[in-house]
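Quick note: the coordinates plus some simple rules give every number you see, no bench work behind them. The structure presented is a predicted model; accordingly, all values stated were derived computationally and were not measured. Positions of Cβ are backbone-derived with ideal geometry, glycine not excepted, and every protein chain shown enters the neighbour counts.
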Amino acid sequence: MWRKVGRVLLVLVIWGAIAAYIACSAMLTQRHKSEQSVERVEIEIVDSASSGQLITSQRVKEMLIERGIATINTNVDKVDTRAIKDMICNEGFVDDVDIYASYSGTLHIRISQRTPLMRLLVDGYDCYITADGYLFRSPAHAALYVPVVSGNYRPQFKPDFEGDLSAVLAGIRANAADSLRMVAAEREAVARRQSHWLKRRKEVRDSTITDRRERQRINDYIAGHLRDCNRDFERLAAKRDAIGKRLERREARYADFRSLISFVERLQRDKFLRAEVVQIVATTTSNGALSLTLIPRSGDHRIEFGWLESVEDKLHRLRLFYDQVAVTSGWESYKSVNLNYADRIVCTYNTEKQ
């Protein structure tokens, strides 16, 4: 029994020593932090895109100076790490920021940046888009080598939008739902009005009014109101249908933009096309569909890709053009390469090069 008691006491002594050590270490660390000043700032940019960095350590240091956030020669526990994190995270291309101070007085700032897939550069729009559908404005101090989407295409979000694309679709559907609720509320009001006049007509029929002209006058008056109700029902039905069709169009255009992201992602997976396609001209056709023209790095031709359908087949034919046609005829021999015809490649000669 005494042996058992001794083991318990030994365990308690060990755990007590560990707790005392931890408490003492925490106290010493806190005292050290209150006395230790920041001697240097070390900034690490991780997850950098292969095409470059959207932010540099030098730019972060400049931002600290511009915002007046004290670091060097400031007590470690007095550094406003929250302000630093908020300042850096305010840049939309920053995914996360980790800040900590080492025992030696080095302030570590570790920045994870988003990896853009393409740049949208159309009228009023200048932003980067990631493969998972996150949009952020183009930084003023940096640019990356990624495919540029230009043309007269206008996406389903405002030029100053920054965030996840799913929020755009949610907003589209929420606006449509609000409009439909308003139509439903108005229809209920019309239904109540119609019910009132139907009840009034029944009362006239059951009344003891003997004057035929007076009865006809009242019935005509009620019939006019009922016709107004029917016209309001028709108007609201047309308005409801219009909202539904507008929602379908906006959802289709949203889906087109998602397809554009997937298409660029597909290009980036192909080593040859990733290096060759430098610009994508996006055009909205008369029926609202998205049509693409690819601008290659080599040659003077344009690739008329058309709608984002049969993508793999079109890309296969494009590779056939480069592998079997362009290598023999010369990359400068053609003005355009059209992939819109099934099972064929339609090329237009560049007469100026002949």
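For this structure, a couple of remarks:
- Principal axis dimensions, the chain - Cα atoms, whole angstrom, descending: 111, 87, 56
- Using a cutoff of 8 angstrom between alpha carbon atoms and counting only pairs six or more residues apart, the relative contact order for the chain works out to 11 percent.
- Trp197, Trp307 arranged by Cβ crowding within 10 Å, fewest neighbours leading: Trp307, Trp197
- The chain - share of DSSP beta bridges that are antiparallel (%, nearest 5): 70 percent
- Lys pairs under 17 Å by Cα in the chain, provided they are eight or more residues apart or on distinct chains: 4
- In terms of other Cβ atoms within 10 Å, His301, His225 run from fewest to most in the order His225, His301.
- The range 167-254: relative contact order as a whole-number percent, Cα under 8 Å and 6+ apart: 52 percent
- Computed over the chain, the per-residue total of -39500 (n - 2.57) for DSSP H runs of n ≥ 4 gives a 222 nm mean residue ellipticity of -17000 deg cm²/dmol, rounded to 500.
- Distance from the range 203-242 to the range 70-100 (C-alpha centre basis), Å: 70 Å
- Debye-formula intensities of the range 167-254, expressed as log10 I(q)/I(0) at q = 0.19, 0.24 Å⁻¹, are -0.85, -1.08 (one equal scatterer per alpha-carbon, no solvent).
- Averaging over all projection directions, the Cα-based convex hull of the range 33-113 occupies 5.0 nm² in the image plane.
- Lys/Arg +1, Asp/Glu -1 at C-beta; the chain dipole; positive extreme among Gly133, Gly68, Asn350: Gly133
- Taken about its Cα centre, the chain carries a charge dipole of roughly 1780 debye when the Cβ of each Lys and Arg holds +1 and the Cβ of each Asp and Glu holds -1.
- With 10 Å bins beginning at zero, the pair-distance distribution over Cα atoms of the range 205-354 amounts to 9, 27, 19, 10, 8, 7, 7, 6, 5, 2, 0 %.
- Per residue, the convex hull spanned by the Cα atoms of the range 263-303 measures out at 63 cubic angstrom.
- Fewest-first ranking of Phe272, Phe93, Phe136, using other Cβ atoms within 10 Å as the exposure measure: Phe272, Phe136, Phe93
- In the chain, taking the dipole from charged Cβ atoms about the Cα centre, the farthest positive-side position among Gln156, Leu144, Asn219 is held by Asn219.
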